[in-house]
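K.L.:
To start, I am sharing the structure in question, which I have written as structure tokens.
The values are calculated or read from the model by the stated rules, or taken from the named source; none is laboratory data. None of these values were measured; they are calculated from a predicted model. Reconstructed Cβ throughout: ideal geometry from the backbone, glycine too, with neighbour counts over all protein chains shown. For the accessible areas, the whole protein counts, side chains as well, though only heavy atoms, and no ligand, DNA or RNA atoms are used. Shrake-Rupley method; radii C 1.70, N 1.55, O 1.52, S 1.80 Å.
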Amino acid sequence: MSERFTGTFTQQEPIPEEAIEAAVAQMRTGRLHRYNLVGDEAGEVALLEEEFAAFTGARFCLAVASGGYALATALRAVGVEPGDRVLTNAFTLAPVPGAIASVGAVPVFVGVTEALVIDLEDLATKADQSDVLMLSHMRGHIADMDALMALCDARGITVIEDCAHTMGARWNGVLSGRHGAIGCYSTQTYKHMNSGEGGLIVTDDEDIAARSVMLSGSYMLFDKHRAAPAPEVFERVKYVTPNISGRMDNLRAAILRPQLRDLARQCERWNERYREVEVGLHDTPGLTVIARPEKEDYVMSSFQFLLLDWSDEAIREVVRRCAARGVELKWFGAAEPVGFTSRYDSWRYVESAPMPATDRVLKGILDLRLPLTFSLEDCALIARIIRAEVSAVYQEAG
């Protein structure tokens, strides 16, 4: 009898008891707004910002309402205006081009390689079209950041890193989010820390940090921030920066602070699950496992593989057969987006020229979540099921 997986791909672990207790304590005060403080207390949000800045080694940190809000704030803070063009990955999730569009700017899509990272050759070709790159470390895959930053620095391109999938990951020893001018993170439920929704911004640039604080809706309460620039920096921006309210609240910050303290251990647990699936899928006929560079210290809460140059019918059959055995695969090559699987030609609010090499890669991408509710045995079973069904369809197709 064929094995079947009975787990749920969307079920995350419970919020830690310490975080629940902190949240309940905060609710008992009734002071959920970040600036609703008593006396000289710092407040949960300011403490989270201070602790996340220390974790990343950044000078400044701002906690906001979502990862998408963090991205849009970063664009505004570096001076992107309506009509400007912004470079970004063709392989990313919809909030990335959505953030660009939300400020009235125009995404310029850059291709993806078989390693599922931004194509540096295509980036070099398009570098003269914009002076800002919103770089998405999509699904936890990190490009050669040394080469990318050398290219962008030489062309005068400001880099904003979307680290929604790479909190705690590193390239060549440097934390994701610390190569460019700004790093943006998400604490949505499926990310590496879970507050339902939430975002974090880090930077070493005091003017960017001050503008971000004002944009987030600080009114004139910027002195309540701890991981922020000196008051004189705010004097330069406080009257010319709009309030686009998107603050994080004390409740979510209380939930996140204990998770931050446990982040390193959780990241290793995700990687254990990733490696279990990786080992199980190696040398599967017709299936490409993504090679990981030696300089990349990844944090993988999901898994991707490629069925390159397969027909649509064959890929659909793999998805169908795996689903029948309880394994949910998301296909980025489907004609219509399903859930989060949209791609550059799905976002019809912006014109995009065809990119045949990128289309070939996108057509072959299959994706699955690896929540920490899965055991290592679950991950091995998932790999066996995928391997068996891919092999069967591959053999049938000849």
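K.L.:
When both residues are 6+ apart or on different chains and their Cβ atoms are under 8 Å apart, which pairs have a first residue that lies in segment 365-385 and is more than 19 Å from HIS165 (Cβ to Cβ) and open to solvent by 10 Å² or more (accessible area, probe 1.4 Å), and a second that is among the acidic types (Asp, Glu) and part of a helix (DSSP H, G or I)?
P.N.:
Between residues of segment 365-385 that are more than 19 Å from HIS165 (Cβ to Cβ) and open to solvent by 10 Å² or more (accessible area, probe 1.4 Å) and residues that are among the acidic types (Asp, Glu) and part of a helix (DSSP H, G or I), the close pairs are LEU376/GLU272; LEU376/GLU276; ALA380/GLU276.
K.L.:
Go through (1) outside any loop (DSSP other than H, G, I, E, B); (2) over 23 Å from TRP270 (Cβ atoms) one by one and return the number of the condition ALA380 breaks.
P.N.:
Result: ALA380 fails condition (2) only.
K.L.:
Additional query: Scan (1) touching a helix residue (DSSP H, G or I) at 6+ places or on another chain (Cβ under 7 Å); (2) buried (at least 21 other Cβ atoms within 10 Å of the Cβ) for the single condition VAL233 breaks and write down its number.
P.N.:
So VAL233 meets the others, but not (2).
K.L.:
Do you know which residues across segment 11-46 are open to solvent by 50 Å² or more (accessible area, probe 1.4 Å), touching a Pro at 6+ places or on another chain (Cβ under 7 Å) and in a helix (DSSP H, G or I)?
P.N.:
Once the filter is applied, which keeps residues that are open to solvent by 50 Å² or more (accessible area, probe 1.4 Å), touching a Pro at 6+ places or on another chain (Cβ under 7 Å) and in a helix (DSSP H, G or I), segment 11-46 yields only GLU18.
K.L.:
Considering segment 172-194 alone, what residues qualify as being part of a strand (DSSP E or B), touching a strand residue (DSSP E or B) at 6+ places or on another chain (Cβ under 6 Å) and hydrophobic (A, V, I, L, M, F, W, C)? Break it down into steps so the answer makes sense when it comes.
P.N.:
Taking segment 172-194 first, the residues part of a strand (DSSP E or B) are 174-175, 182-186.
Pick out the ones that are also touching a strand residue (DSSP E or B) at 6+ places or on another chain (Cβ under 6 Å) and you get 182-186.
The answer is ILE182, CYS184.
K.L.:
Surrounded by fewer than 22 Cβ atoms within 10 Å (Cβ to Cβ), modelled with pLDDT of 95 or more and closer than 23 Å to PHE305 by Cβ: which single residue out of THR92, THR113, THR125 fits that description? Break it down into steps so the answer makes sense when it comes.
P.N.:
Working: THR92 fails: surrounded by fewer than 22 Cβ atoms within 10 Å (Cβ to Cβ); THR125 fails: closer than 23 Å to PHE305 by Cβ.
So the residue among THR92, THR113, THR125 that is surrounded by fewer than 22 Cβ atoms within 10 Å (Cβ to Cβ), modelled with pLDDT of 95 or more and closer than 23 Å to PHE305 by Cβ is THR113.
K.L.:
Answer yes or no: is there a residue in segment 155-165 that is assigned to a helix (DSSP H, G or I), over 19 Å from the mean Cα position of the chain (by Cα) and under 16 Å from ASP297 (Cα atoms).
P.N.:
No, that holds for no residue.
K.L.:
Follow-up question, since we're still on this one. Hey, can you tell me all the residues within segment 349-364 that are charged (D, E, K, R) and either open to solvent by less than 20 Å² (accessible area, probe 1.4 Å) or in a helix (DSSP H, G or I) (or both)? Walk me through how you get there before you give the answer.
P.N.:
Here is the first cut: in segment 349-364, the ones charged (D, E, K, R) are 351, 359-360, 363.
Listed by number, the residues that qualify are ASP359, ARG360, LYS363.
K.L.:
Here are ALA58, ALA70, ALA65, ALA54: which of them is closer than 30 Å to PRO97 by Cα and without any contact (Cβ under 8 Å) to a residue 60 or more places away in the chain?
P.N.:
Numbers: ALA58 fails: without any contact (Cβ under 8 Å) to a residue 60 or more places away in the chain; ALA70 fails: without any contact (Cβ under 8 Å) to a residue 60 or more places away in the chain; ALA65 fails: without any contact (Cβ under 8 Å) to a residue 60 or more places away in the chain.
That would be ALA54, the only listed residue that is closer than 30 Å to PRO97 by Cα and without any contact (Cβ under 8 Å) to a residue 60 or more places away in the chain.
K.L.:
Identify the residue in segment 158-189 that is β-branched (Val, Ile, Thr) and over 18 Å from PRO293 (Cα atoms) and, among all such residues, is surrounded by the fewest Cβ atoms within 10 Å (Cβ to Cβ). So that I can check it myself, show each step before the final result.
P.N.:
Looking only at segment 158-189, we keep the residues that are β-branched (Val, Ile, Thr), and these are 158-160, 166, 174, 182, 187, 189.
From the residues that got through so far, the ones that are over 18 Å from PRO293 (Cα atoms) too are 158-160, 182, 187, 189.
Working: THR158: 22, VAL159: 21, ILE160: 30, ILE182: 29, THR187: 30, THR189: 14.
It comes out as THR189.
K.L.:
Restricted to segment 255-276, and to residues that are of a type in the set (Lys, Arg) and either open to solvent by 50 Å² or more (accessible area, probe 1.4 Å) or in contact with an Asp or Glu (Cβ under 6 Å, 6 or more places away or on another chain) (or both), which residue is nearest to PHE305 (Cα to Cα)? Walk me through it before giving the result.
P.N.:
We begin by selecting, within segment 255-276, every residue of a type in the set (Lys, Arg); these are 257, 261, 265, 269, 273, 275.
Narrowing the set further to residues that are either open to solvent by 50 Å² or more (accessible area, probe 1.4 Å) or in contact with an Asp or Glu (Cβ under 6 Å, 6 or more places away or on another chain) (or both) leaves 261, 265, 275.
Working: ARG261: 31, ARG265: 25, ARG275: 13 Å.
Filtering segment 255-276 for residues that are of a type in the set (Lys, Arg) and either open to solvent by 50 Å² or more (accessible area, probe 1.4 Å) or in contact with an Asp or Glu (Cβ under 6 Å, 6 or more places away or on another chain) (or both), the one nearest to PHE305 (Cα to Cα) comes out as ARG275.
K.L.:
Only one of ARG211, ARG252 is open to solvent by 20 Å² or more (accessible area, probe 1.4 Å), more than 26 Å from MET300 (Cβ to Cβ) and either assigned to a helix (DSSP H, G or I) or in contact with a Pro (Cβ under 7 Å, 6 or more places away or on another chain) (or both). Can you tell me which? Give the derivation first.
P.N.:
Numbers: ARG252 fails: more than 26 Å from MET300 (Cβ to Cβ).
Exactly one of ARG211, ARG252 is open to solvent by 20 Å² or more (accessible area, probe 1.4 Å), more than 26 Å from MET300 (Cβ to Cβ) and either assigned to a helix (DSSP H, G or I) or in contact with a Pro (Cβ under 7 Å, 6 or more places away or on another chain) (or both), namely ARG211.
K.L.:
So how many residues does segment 367-384 have that are within 10 Å of GLY7 (Cβ to Cβ) and among the aliphatic types (A, V, I, L, M)?
P.N.:
Matching residues across segment 367-384 total 2.
K.L.:
Then there is this: Can you confirm whether GLY280 is open to solvent by less than 30 Å² (accessible area, probe 1.4 Å) and part of a loop (DSSP other than H, G, I, E, B)?
P.N.:
On the way: open to solvent by less than 30 Å² (accessible area, probe 1.4 Å): yes; part of a loop (DSSP other than H, G, I, E, B): no.
Answer is no for this residue.
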